[in-house]
Each structure stands twice: as structure tokens, then as C-alpha cells.
Amino acid sequence: MHVVKYVFQQHGDERGMLVALEECKDIPFEIKRVYYLYDTKKEVRRGFHAHRSLEQILICIHGSCRVLLDNGAEKKTVSLEKPYEGLYIANDIWREMYDFSPDAVLLVLASDFYREEDYIRDYETFKREMGKGRENYDGD
Ligand code: TYD
């Protein structure tokens, strides 16, 4: 599954900590959009979609949350709880974010602008599209 946990360089001194992220260097794509989730209510699960081409890096810059990742063939869960860790998620991966701590702020760096047509929001459609991808791949 094409997901990678990054550990960003921390610049710390007696004043505190700082993390700097540059596109195409620390982040493996051009950053076209930044958004963040906060005040997420207890027991809420968000996401429930995959992207046809978008790549993202998720950083829980405060608090913690968990992410379920699913490429149609396997599933895995990743915890985000450090402001210097980033979770890279390639396209074609179903994701659900959950277990948000009350103070969680989840920052998302995205490789493209918001385009609803890039979303696959129905899990059965996702499974079908992933299945087709694998059949094509096996046939090559
Ligand atoms: P939504 O897609 O439901 O968030 P998630 O899938 O991560 O739980 O987005 C919530 C609302 O915000 C929805 O009305 C679309 C809007 N939105 C934007 O306008 N721009 C964006 O970049 C994102 C991610 C969402």
C-alpha cells in the first residue's frame, strides 16, 4: 500500500520547536492546497473517500487521531500523534479518520485544488475501480 510515515526534521532550541516543510523537498509534491480539521466531535469518523489522482500528507499538528487506510486489497491503521510526523497517502486509497482527541488539529497538505470529481465517495465504486485497476495490471 502506497502510504509512508514521514518524520520531519525538527529545529529545536531553548525557545522551543519548529518544523519547516518545503514542497518537492520535504513534501513529495507541489502543495496546491492546505486545509485543517479541528473541533472534531467525539466518536466522529470523517473521510470515507478515496481520490482518483490527489496525493496528500496528513499531519496531526496538535492532539492525536487515527487513520484507516484501505487499498481495496489490504487495510492498515496509522496513529498520528506527533507534530513532526506526516502521513503520505497516495491516490486510490480509501481513508477514514477517527479517534480524534478533543484538542486535535489535523493539517492536510494536498497536491491539487478541491475538485469533487476527483473523489470516490462510494465504497463499492472504490472496490470496483480498484478491481479493474488490478485486472488491467495483471493483463500487462
Ligand atoms: P468533506 O469532504 O466532507 O470532508 P472529509 O471528507 O475530509 O470528512 O468536506 C467538508 C466540507 O468542506 C464539504 O462541504 C466540502 C468542503 N471542502 C472544501 O470546500 N474544500 C476543501 O478543500 C475540502 C477538503 C472540503
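The values are calculated or read from the model by the stated rules, or taken from the named source; none is laboratory data. Keep in mind it's a predicted model, so treat the numbers as computed, not measured. Positions of Cβ are generated from backbone atoms using ideal geometry, with glycine treated the same way; all protein chains shown enter the neighbour counts.
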Open item on the list: Suppose the filter is at pLDDT 95 or above, surrounded by fewer than 17 Cβ atoms within 10 Å (Cβ to Cβ) and in a strand (DSSP E or B); does Tyr35 pass it?
Closed with: yes
- [ ] Return a yes/no flag: does segment 42-51 have any residue that is in contact with a Leu (Cβ under 9 Å, 6 or more places away or on another chain) and either free of Cβ contacts under 8 Å to residues at least 12 places away in the same chain or surrounded by fewer than 14 Cβ atoms within 10 Å (Cβ to Cβ) (or both).
- [x] yes
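Residues checked against (1) within 11 Å of the ligand (Cβ to nearest atom); (2) free of Cβ contacts under 8 Å to residues at least 60 places away in the same chain; (3) at positive phi:
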residue	(1), (2), (3)
Asp99	no, yes, yes
Asp103	no, yes, no
Leu109	no, no, no
Arg128	no, yes, no
Open item on the list: If the requirement is being outside any strand (DSSP E or B) and β-branched (Val, Ile, Thr), which of these qualifies: Val44, Val108, Val67, Val78?
Closed with: Val44
- [ ] All but one of (1) at pLDDT below 95; (2) within 14 Å of the ligand (Cβ to nearest atom) hold for Thr40, so report the exception by its number.
- [x] (1)
